[in-house]
Amino acid sequence: KPPETVKVLKLDMRVLWGSITFGPTLTHVSLILHFITDVIVRTIAQSCPLLVELELIDIPTSQTAWSDELSDDGKFDIQYGLFFTDLAFRDVSKVHRSLVEVKLVSCGSITGEGVSQLVTSSCTSLEVLDLRGCKLVADSCLRSVSCLALLSSLNLGGTNVTDAHMASLGKGSAPISYTLCWS
């Protein structure tokens, strides 16, 4: 039986193969890994039905400093998830709580289609969307993003969103007060 509260959880390589489960009562998970994969996200999403916050940071092996602070509830934060793909969004969308902040920083395998799937399935209450450095994110997701009625902050820096399609953000219902986009 897993403990009711976990302060420190040390994992080994078995998590990469999905052979361990997380406690079903966990509401916050923060992991620093060298590789973030769809299998890891799927394992966490399936094992933690009460999950309200997931933070996965994929750090290069040469980086030694990191912060392990958890942020407010309803946040999904993945940084440098080189092996994190759109497939993981199917499991993220099964989490019954609504996300208010999604940060997918430098996740090179995330596409615009995956972002569209995420924002239309489980992130309808999204207030912050940070896709900085996700080079496969392009114009295809802007129509879905523009329909987010609570979205106030959007970072598209380092994506392949074009200026021609940025106008579609203004035609939607999102009250975006902060948008950053550079080529």
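Across segment 158-183, what is the total count of residues that are surrounded by fewer than 18 Cβ atoms within 10 Å (Cβ to Cβ) and at pLDDT 90 or above?
Of the residues in segment 158-183, 1 are surrounded by fewer than 18 Cβ atoms within 10 Å (Cβ to Cβ) and at pLDDT 90 or above.
Yes or no: S140 modelled with pLDDT of 90 or more, surrounded by fewer than 21 Cβ atoms within 10 Å (Cβ to Cβ) and either closer than 15 Å to F89 by Cβ or among the hydroxyl-bearing types (S, T, Y) (or both)?
yes
Could you check how many residues of segment 82-98 are at pLDDT 80 or above and either buried (at least 18 other Cβ atoms within 10 Å of the Cβ) or under 11 Å from the mean Cα position of the chain (by Cα) (or both)?
Total meeting the criteria: 3.
Listed residues S62, S30; which is among the hydroxyl-bearing types (S, T, Y), modelled with pLDDT under 80, surrounded by 14 or more Cβ atoms within 10 Å (Cβ to Cβ) and within 29 Å of T159 (Cα to Cα)?
Every option except S30 fails the conditions.
Restricting to segment 113-135, name every residue that is surrounded by 19 or more Cβ atoms within 10 Å (Cβ to Cβ), touching a helix residue (DSSP H, G or I) at 6+ places or on another chain (Cβ under 9 Å) and at pLDDT 90 or above.
Once the filter is applied, which keeps residues that are surrounded by 19 or more Cβ atoms within 10 Å (Cβ to Cβ), touching a helix residue (DSSP H, G or I) at 6+ places or on another chain (Cβ under 9 Å) and at pLDDT 90 or above, segment 113-135 yields G114, V115, S116, L129, L131, C134.
The values are calculated or read from the model by the stated rules, or taken from the named source; none is laboratory data. The structure displayed is predicted, hence computed values, not measured ones. Cβ coordinates were reconstructed from backbone atoms using ideal geometry, including for glycine residues, and neighbour counts include every protein chain displayed.
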